[in-house]
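Below is one structure; the comments refer to it alone.
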Amino acid sequence: MSVAKILRVYLDPEPLQRARNGKFNVVNKIAVALENRGFRIEYRKNSDLERLASAARNGYALFLMDDPLHANALTLRRSYFYPFWRIEATAKRWEFEVAEKDFDPNVINPDVARDWADNWRKWLFKGAASRVTRDGPIYIPLQGRLLQQRSFQAASPVEMLTQVATCFPDTPILATLHPAEVYTQAEHKALNDLVSRYPSIMLATGQMNDALARCRFVVTQNSSAALFGFFFGKPAVLFSRIDFHHVAANVHPLGVQGAFDAVQTMRPDFDRYLYWFTMLNAIKADAEDCEDQILRILRKRGWQVD
């Protein structure tokens, strides 16, 4: 059976209202691109039931961050900062198309990449990236589920922090809690116990820009702070799988000690990497050719859009 030329976009209440008002830039660009090819666009409320029901509806489905559940569904996710987005066949970032590509810095013009990165440094970090030092603490931006080791992680976040404190006993460590996370009493106790055992550990909340400006390097599961650290020229150790792994020291292939050894000497060309990862492998929602970018990606993902 052929797929009907219908796109249903499933959104939570706030982005749903923005899309219906024409103020969700990338979603509205997707809609226009497909309407110009004879599609009907429906904006629908997002829920588990609605996403499941989408499998029985003739047409295509687009979910915001949620996992695609069937062959005619894709996921839309921001590529870390506006206006860059990805349309993927999975919600797992480490399985995104860019994650499986090889990065070759030699194909990127270094002057173009530097100018692009300089512009974004000024815009994203409001001057913080111009005050960089490398004699501060090891920066560990924590995320959620501090006591759990999930399938894509090499250790739980608390175990990761313990290993850093054990391997670098004489180096100050700044571990920051994510301001949007709600941590359990057990998680707070585990962190306080670590601070008691390792006086080098300091706990704080947020403070990403200042931490990236001062730190020696970043250690994290897969926090976007590591990617933003590349704008500051700061290398990273990753304890988890993620899409921006190419120029980091990854614990999965290297082991903990191997990653810790590598991060202290690695100096990749961060500007060329950031340009490649973002400009050449994501949709820029305010670009003149945004609709062409969208259609090209949808064709690559197997949708019949012509």
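Please treat every number below as a calculation from the coordinates, not as lab data. No experiment lies behind these values; they were computed from the predicted model shown. Because the Cβ atoms are built from the backbone with ideal geometry, glycine has one as well, and the counts that use them run over all protein chains shown.
Legend: calculated FRET efficiency, Asp193 to Asp170, from the Cβ-Cβ distance at R0 = 25 Å, rounded to 0.05, equals 0.75. A simple packing score, the average count of other Cβ atoms within 10 Å per residue, orders the peptides 40-49, 207-216, 169-178 as 207-216, 169-178, 40-49, with the highest score first. In terms of its alpha-carbon gyration tensor, region 68-177 comes out oblate; a/c meets the 1.5 threshold, while b/c is at least as large as a/b. Normalised by residue count, region 13-122 yields a Cα convex hull volume of 148 Å³ per residue. Only residues of region 256-283 count here: report those whose backbone N is under 11 Å from the spot 7 Å along Cα→Cβ of Lys300, or say none. Counting only backbone N, you get 280-283.
Within region 105-278, DSSP assigns beta bridges of which about 5% are antiparallel (rounded to the nearest 5).
Set the Förster radius R0 to 30 Å, insert the Cβ-Cβ distance between Leu124 and Thr184 as r into 1/(1 + (r/R0)^6), and round the FRET efficiency to 0.05. Plugging the Cβ-Cβ distance into 1/(1 + (r/R0)^6) gives 0.40. For a label point 7 Å from the Cα of Lys23 along Cα→C-beta, name the residues of region 32-48 whose backbone N is under 20 Å from it. The answer is 32, 43-46, whose backbone nitrogens lie closer than 20 Å to the label point. Looking only at region 51-75, which residues have a backbone nitrogen under 12 Å from a spot 7 Å from the Cα of Glu42 in the C-beta direction? Under 12 Å, as judged by backbone N against the label point of Glu42, lie 51, 53-62 of region 51-75. For the chain, compute Rh as the Kirkwood radius over C-alpha pairs and then the Stokes-Einstein diffusion coefficient at 10 °C and 1.306 mPa s; write the answer in µm²/s, rounded to an integer. After rounding, the answer is 76 µm²/s. Only bridges with both residues in the chain count here: give the DSSP antiparallel percent, nearest 5. If I count the DSSP bridges inside the chain, around 20 percent turn out antiparallel.
Students often get this wrong, so check it: of Lys45/Lys234; Lys122/Lys300; Lys5/Lys122; Lys189/Lys284; Lys126/Lys189; Lys189/Lys234, which have C-alpha atoms separated by over 32 Å? The pairs that break the limit, which is 32 Å between Cα atoms, are Lys45/Lys234; Lys122/Lys300; Lys5/Lys122; Lys189/Lys284; Lys126/Lys189.
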